Amino acid sequence: DNSQLLGSRGSLIVLEGLDRSGKTSQSAKLVSYLKSEGISVESWRFPDRSTSVGQMISAYLANETQLDDRTIHLLFSANRWEKRSLMESKLRNGTSLVIDRYSYSGVAFSAAKGLDTEWCKAPEVGLIAPDLVIFLDVSPERAAERGGYGTERYEHLEFQRKVAQHYANLQDASWKVIDGCLPVEDVENQIRELALNCLAKCRAGKPLTN
Ligand code: DGP
Ligand code: NA
Ligand code: NA
């Protein structure tokens with residue numbers, strides 16, 4: 001593996017936003033575009049429901065099980081930790097990852113239940129830092145109007161309003177905020193441009209950090 005010698009690593013690109021903000025379809029569009037350009041890239045998402053921890057999370061979200069708020073918080077975090085080493089090796093080997101949700105969802109959704117923000121952030125420390133965070137900005141009201149929520153635990157307007165407030169508190173100058181109510185193609189083009197710019201910086205040797 002000489003990808004590090006070549007200074008060519010992949011990018012960690014994260015899409016965040018409320019439920020129904022369009023993250024999932026925009027992630028898919030971005031990944032298929034990058035693949036069509038011959039770029040090595042994978043589409044990931046958190047929670048990753050395929051692992052045993054992920055199955056516990058999935059049952060909780062489906063309201064099939066009840067878990068203490070801090071316990072489920074730590075499971076969501078554990079679900080990111082269990083993928084950390086694979087994530088690092090993919091990035092170091094030159095594969096980019098486009099991830100639908102990451103630590104910001106972890107903090108925003110748990111803080112929306114009233115847990116202390118600093119407590120929520122603590123287990124995320126040491127996970128790989130994203131190279132690009134794209135926030136798809138759609139108000140909770142507009143998101144709720146779109147095709148309706150599913151039946152999972154957090155999918156109701158009152159809770160999403162709280163999540164939106166916590167995302168706003170977490171947002172820093174490095175986030176790229178895109179108006180998720182623009183036409184789908186406009187959102188797609190803005191995301192492409194941000195992603196290509198990010199890929200170039202990482203290829204040029206921007207270091208991987210925690
Ligand atoms: P999704 O599969 O992207 O629809 O996510 C499922 C739900 O779980 C969604 O309402 C967002 C929420 N969620 C995602 N990640 C976390 C997390 O780390 N912690 C908490 N508490 N909720 C999360
Ligand atoms: Na959802
Ligand atoms: Na989604």
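The number of residues in the range 93-124 being more than 8 Å from ligand 1 (Cβ to nearest atom), in contact with a strand residue (DSSP E or B) (Cβ under 9 Å, 6 or more places away or on another chain) and of a type in the set (S, T, N, Q) comes to 2. Residue check: Gly106 meets all listed conditions (1) over 24 Å from Gly150 (Cβ atoms); (2) not in a loop (DSSP other than H, G, I, E, B) but one, namely (1). Filtering the range 151-184 to residues that are open to solvent by 70 Å² or more (accessible area, probe 1.4 Å), touching a helix residue (DSSP H, G or I) at 6+ places or on another chain (Cβ under 9 Å) and more than 16 Å from ligand 3 (Cβ to nearest atom) leaves Glu158, Arg161, Lys162, Gln165, Asn169, Gln171, Lys176, Asp179. The set of residues from the range 83-100 being under 17 Å from Leu30 (Cβ atoms) and either away from ligand 2 (no atom under 16 Å from the Cβ) or open to solvent by 10 Å² or more (accessible area, probe 1.4 Å) (or both) comprises Lys90, Leu91, Thr95, Ser96, Leu97, Val98. Mind checking whether some residue in the range 185-198 is open to solvent by 30 Å² or more (accessible area, probe 1.4 Å), more than 19 Å from Glu124 (Cβ to Cβ), modelled with pLDDT of 95 or more and part of a loop (DSSP other than H, G, I, E, B)? No, every residue in the range 185-198 fails to be open to solvent by 30 Å² or more (accessible area, probe 1.4 Å), more than 19 Å from Glu124 (Cβ to Cβ), modelled with pLDDT of 95 or more and part of a loop (DSSP other than H, G, I, E, B).
Comparison of Ser32, Ser50, Ser36 shows that the only residue that is over 18 Å from Ser103 (Cβ atoms), at pLDDT 95 or above, exposed (fewer than 15 other Cβ atoms within 10 Å of the Cβ) and within 13 Å of ligand 1 (Cβ to nearest atom) is Ser50.
Taken as a whole, the structure places Gly148 among residues that are open to solvent by 20 Å² or more (accessible area, probe 1.4 Å), out of contact with any Leu (no Cβ under 7 Å at 6 or more places or on another chain), assigned to a loop (DSSP other than H, G, I, E, B) and away from ligand 1 (no atom under 13 Å from the Cβ).
The values are calculated or read from the model by the stated rules, or taken from the named source; none is laboratory data. Since we're looking at a predicted model, the values are computed, not measured. FYI the Cβ positions are ideal-geometry reconstructions off the backbone, even for glycines, and counts take in every protein chain you see. Just the protein is used for accessible areas: all its heavy atoms, side chains included, with ligands, DNA and RNA removed. Shrake-Rupley method; radii C 1.70, N 1.55, O 1.52, S 1.80 Å.
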